[in-house]
Amino acid sequence: MAEATQISIRDTVGAALRFARENWRFVFAVGGIAAVGQGVFLLAGPNLIWMIVVLIAIAGAHTALTSAALGIPRPFLNRLSSDTARVTAAMTMIGLLLFIFLLMITIVTMLILSNPYEAEILAAGQDQAATQAIMARAIESQPQILSGAMIFASIIIFAVTTRFYLAAPASIDKKRIQLFESWRMTKGNFLKIAGARLLLLGPAFIFASALQTLLANALGTPVGDPVATLQYGASNPIGFGAFYTASIFLQIVIFSVLEAGLSAKIYRALTPPAP
């Protein structure tokens, strides 16, 4: 069996950083279009249509950035919609797989937490309030179990997304959904891809999140509580729209561009473009 091609963490991270630096005007344009595009729909307040537009805007921006990082000649607007659909389909499949894993972890965690309180839960019967109170007590008395489950779930998510990390660039390059092709391509390079992600994307995520938090504090937007955030959005759509538009822009130009660039450069290191 042929030995798998080995990538370099330094080279792929450096290539992603160079892509972001050398194409910053294009990156800012993509981020601005995606952010303002969803912001227009947000003027009516947060609703289902806006949520769908946000997903489309983020997927489209990620596809455009990945296409540029792959070296696909611009303009590629004639294929952007079809490429975005393929990338969205691949990401949806990964999301469904992760949902199944997380559901299984949640069920097992709840069973472990409730085991010492089994008699009380049976006695509560159909009394939902009593059952919820018992489960709240079970979680409070066994915080290490919940913490362990969350850490395990985070490891699973990171591992699965690392193996499927090349699904987006492969789907764009091959013009068809390439989900399990990514699983094959990352074999033998899992630790290096994971290391590259942690080295490059970890600090970028922290930096983007810090700027978004500062922006929220400056605009008085409540974050951390989804219910309070949605209530604020309904009562002050302009203020919420300004915050969310700026947040998406920051997310794209700081984090998304590096994620797209890293996945594309790793993909190109493993599969050079045909002459």
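Here, each number is a calculation from the coordinates, and none is a lab measurement. Model, not experiment: these values are computed from the prediction. Cβ atoms come from the backbone with ideal geometry, glycine included; neighbour counts cover every protein chain shown.
Laid out as a table, the results:
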{"quantity": "Selection within region 222-254 - assigned to a helix (DSSP H, G or I), in contact with a helix residue (DSSP H, G or I) (Cβ under 8 Å, 6 or more places away or on another chain) and of a type in the set (A, V, I, L, M)", "calculated": "Ala242, Ala246, Ile248, Leu250, Ile252, Val253, Ile254"}
{"quantity": "Residue among Gly202, Gly195, Gly224, Gly188 that alone is within 18 Å of the chain's Cα centre (by Cα) and either closer than 13 Å to Ile266 by Cβ or surrounded by 13 or more Cβ atoms within 10 Å (Cβ to Cβ) (or both)", "calculated": "Gly195"}
{"quantity": "Only listed residue being in contact with a helix residue (DSSP H, G or I) (Cβ under 6 Å, 6 or more places away or on another chain), surrounded by fewer than 19 Cβ atoms within 10 Å (Cβ to Cβ) and under 24 Å from Ile33 (Cβ atoms), chosen from Leu219, Leu258", "calculated": "Leu219"}
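Here's the yes/no breakdown for (1) surrounded by 13 or more Cβ atoms within 10 Å (Cβ to Cβ); (2) of a type in the set (Ser, Thr, Tyr); (3) farther than 30 Å from Met91 by Cα; (4) under 22 Å from the mean Cα position of the chain (by Cα):
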position: Glu120; (1), (2), (3), (4): yes, no, yes, no
position: Ala124; (1), (2), (3), (4): yes, no, yes, no
position: Thr131; (1), (2), (3), (4): yes, yes, yes, no
position: Ala138; (1), (2), (3), (4): yes, no, yes, no
position: Leu146; (1), (2), (3), (4): yes, no, no, no
position: Ala153; (1), (2), (3), (4): yes, no, no, yes
position: Ile157; (1), (2), (3), (4): yes, no, no, yes
position: Tyr165; (1), (2), (3), (4): yes, yes, no, yes
